[in-house]
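Below: the structure, in structure tokens.
The values are calculated or read from the model by the stated rules, or taken from the named source; none is laboratory data. The structure displayed is predicted, hence computed values, not measured ones. In this analysis, Cβ positions are derived from the backbone assuming ideal geometry, glycine residues included, and neighbour counts consider all displayed protein chains. Heads up: the accessible areas ignore ligands, DNA and RNA and are worked out on the full protein's heavy atoms, side chains in. Shrake-Rupley method; radii C 1.70, N 1.55, O 1.52, S 1.80 Å.
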Amino acid sequence: MLKTEPPVLTFNRQDHPSVSASGAWHVHALAVENAIPAIMSTLHGLPHGETLAWDLSKINALDHIGAQLLWNAWGKARPPQLTLLPAHETFFALLEQAAAALVPPPPRPTPSLLDWLPTKVSGFADHSLSFLALIGQLTLDLGRFAGNLRRGPWKEISANIYHIGYQALGITALVGFLIGIVLSYLSAQQLHTFGGDVYLVNILGMSIIRELGPLLAAILVAGRSGSAITAQLGVMRVTEELDAMLVMGLPHGFRLIMPKVIALAISMPLLVIWTDAMALLGGMFSAKLELGLAPSYFLHKLPDAVPLANYLIGLGKGVAFGSLIALVACHFGLRIKANTESLGEGTTTSVVTAITIVIVADAVFSIVFSGIGY
Amino acid sequence: MEESNQAIIRIQNLWTQFGDYVVHQDLNLEIQAGEIVSLVGGSGSGKTTLLRQMLGLEHPTRGTVSVFGEDVQKADPIQLQRLRNRWGMLFQHGALFSALSAFDNVAQPMRELHALPEDLIRDAVLLKLHMVGISAEDGMKMPADLSGGMIKRVALARALALEPELLFLDEPTAGLDPNLSESFVELIQSLRQEMQLTLVMVTHDLDTLFSLSTKIAVLADKQVIAMGTPEEVVKLPHPFIKEFFLGARGLRAMEGLHASEQTVK
């Protein structure tokens, strides 16, 4: 079986200079530490311009990689004086015969800095265009859905609401509650120094209901469901399920994208309310501990501190963020190519873009509704 | 006695259970160096499971699987790595790394040794690709841009990268058209002669079965019910063997076998 005598190359400088190789010249013997460097240093020490006699008859095991090493040392041509075992002849015959085919392909062109900007710009334009097309398609699909409600993808919508909404209740509750505690604790300390303890309800109510609740829920859902949607569509591309749908006449927009957008647009406001409630609960808990503010007072004061418009803005944000997350996730999911690297890259970009877009949209909401709800 | 010492793969008293479902019951199998063994059996008879157990990808419920005299289940990581360098596996769908080009796929096992210089790896990979009939330009392509037959060839080149003594093939010709699968069989045959391989394969393709195997192991009734040359196995009076080999398809493939024998004579 495996012969493990190390491969050795020796140079004999007698009246006729010759090189002899012995031992096992297969890849596993060559891979042993220092085997290759030792051979290389012998090769470098060989005299140039002389015809050397090569004796390979003491090699007791050879494979293609060992033969290739010798072949490269000969400058990819058979030396004039070569002794080798008949069993090893095939390796060199193959190398000789394959020599023409073994021309290394030209190196791939490296992208220059000059190309960088145009590719980025055209990439961005491409994304914007196809995102716009996605919104257009969604509008058409929604129209079709509204025209024939009975034949809509109800099952897909309810399944998505379950996965995206119901199954996110735990994590949003936990994060909301903890953020409520942290926020309340920090504000209470500051307010206490000014003697404005009672304003804690206003600060917590406004910030959580108007800003933090929707944003927290959106970021969690973007990470949780945005990535899932992108990965799901990407794997469907890899396994050709997307093509199978088209062949059967099931359009992607109507059966995959629209149900997800609708499901997110329905689940997100509900999750926003849930997160708001949990965060306020956390805040209330912390206020009781820190300031001794009774929960009944907190609840009694809340409707006065936070006008109704803020709740509505929060819910509106939920609908907008949910739709945006679904659209971004679907956009990147559909662009994934049929290989694993593209899948990973697409999912990462999808989540990062979804979170960024949610924050941008939040800023737009702040500006547009700056005069309302105070 | 001499022969049993040379067994490359030895499976003894192997049991495999998934829950209450028994796949293998007290199964024994020995494969000698230089043989080409095909595992055949109905679907669900545990051929692929057995192959995966030989590779250490799955663990049997009971019994031992030894390859090159080492128990695959008990080998420590270093022994296992040494084993892995001595065998190659051709997966049914190629399982090329889709993030790497065909060339890099074949180069990966060689680079993983951390010992060979890069120019040697380059030439050795090109030689391997040449041996399986892939040109250097095609070698630069990504797996997604290659056809099914080319993916199998590149996967074969990758399985052969470290000059294994033992090669596992899972459905080597499934999904190839008859022409391609014939040339693939020829390719495996010629590589086997060049590299002195022992082959273990799972296949449903009777043409491949008869043209490649020196031995056939039949899995049925949760055991290896027969192990022998194709001529011997076909003569056995077991319902599965009759159905599998002596159906219309089987008879056609057998005709081919006899015809090729006659031309050899």
**Report entry** Semi-axis lengths (Å, descending) of the ellipsoid that matches the C-alpha gyration tensor of the range A:247-356
**Finding:** 40, 17, 10
Report task. Set the Förster radius R0 to 60 Å, insert the Cβ-Cβ distance between A:VAL352 and B:GLN223 as r into 1/(1 + (r/R0)^6), and round the FRET efficiency to 0.05. Result -> 0.65
Report summary line: At 20 °C in a medium of viscosity 1.002 mPa s, the range B:156-244 has a Stokes-Einstein diffusion coefficient, with Rh taken as the Kirkwood radius over alpha carbon pairs, in µm² per second, of 151
Query raised in the report: If you put +1 on each Lys and Arg Cβ and -1 on each Asp and Glu Cβ, how big is the dipole of the range A:169-322 around its Cα centre, in Debye rounded to 20?
Result: 100
Report task. Any chance you could run the full-extension gain for A:LEU289 through A:SER112? It's 0.36 nm times the residue separation minus the Cα-Cα distance, nm to one decimal. Result -> 57.6 nm
Query raised in the report: Rounded to the nearest 5, what is the percent of antiparallel bridges among the DSSP beta bridges in the range B:141-245?
Result: 50
Query - FRET efficiency, 1/(1 + (r/R0)^6) with R0 35 Å, evaluated for A:GLU345 and B:GLU182 via beta carbons - result: 0.35
Query raised in the report: Shape of the range B:125-181 from its Cα gyration tensor (a ≥ b ≥ c, root eigenvalues): rounded if a/c is under 1.5, otherwise prolate when a/b > b/c, or oblate?
Result: oblate
Query raised in the report: Using modelled backbone amide H atoms (1.01 Å from N, in-plane), which distant-in-sequence or interchain residues come within less than 5 Å of B:GLN32's amide H?
Result: B:ILE8
Query raised in the report: Taking the Cβ-Cβ separation of A:THR193 and A:VAL360 as r and a Förster radius of 30 Å, what is the calculated FRET efficiency to the nearest 0.05?
Result: 0.25
Report summary line: Per residue of B:111-119, other chain Cβ atoms within 10 Å number on average 4
Query raised in the report: Summing -39500 (n - 2.57) over the DSSP H runs of n ≥ 4 in the protein assembly as shown and dividing by its residue number, what mean residue ellipticity at 222 nm do you reach, to the nearest 500 deg cm²/dmol?
Result: -17500 deg cm²/dmol
Query raised in the report: Per residue Cα convex hull volume for chain A, in cubic angstrom?
Result: 291
Query raised in the report: If we sort A:276-283, B:168-175, A:81-88, B:238-245 on the protection proxy, mean other Cβ atoms within 10 Å, highest first, what's the order?
Result: A:276-283, B:168-175, B:238-245, A:81-88
Query raised in the report: Ignoring the sites themselves, what is the longest stretch of chain A with no GluC sites (Glu not before Pro) in a DSSP loop and at most 15 other beta-carbon atoms within 10 Å?
Result: A:51-239
Query raised in the report: Is any residue of the range A:241-262 close enough, with backbone N under 17 Å, to a label point placed 7 angstrom from the Cα of B:ALA144 along the Cα-Cβ axis, and if so, which?
Result: A:241-244
Query raised in the report: Taking only protein heavy atoms and a 1.4 Å probe, what accessible area per residue, in Å², does chain A have with all protein chains in place?
Result: 52
Report summary line: With Rh as the Kirkwood radius over Cα pairs, the protein assembly as shown has Rg/Rh of 1.12
Report summary line: Partner shielding of A:25-35, taken as the mean number of other chain Cβ atoms within 10 Å, equals 4
Query - Cβ neighbours within 10 Å from other chains - mean over B:134-145 - result: 3
Report task. Tell me the label-point distance for the pair B:LEU246, A:GLN81, using the 7 Å Cα-to-Cβ offset, in nm and rounded to one decimal. Result -> 6.7
Report task. Could I have the simple spin-label model distance between A:VAL319 and B:ILE78, label points 7 Å from Cα toward Cβ, reported in nm to one decimal? Result -> 6.8
Report summary line: Quick calc: nm separation of the 7 Å Cα→Cβ label points for A:ASP243 and A:THR139 -> 3.3
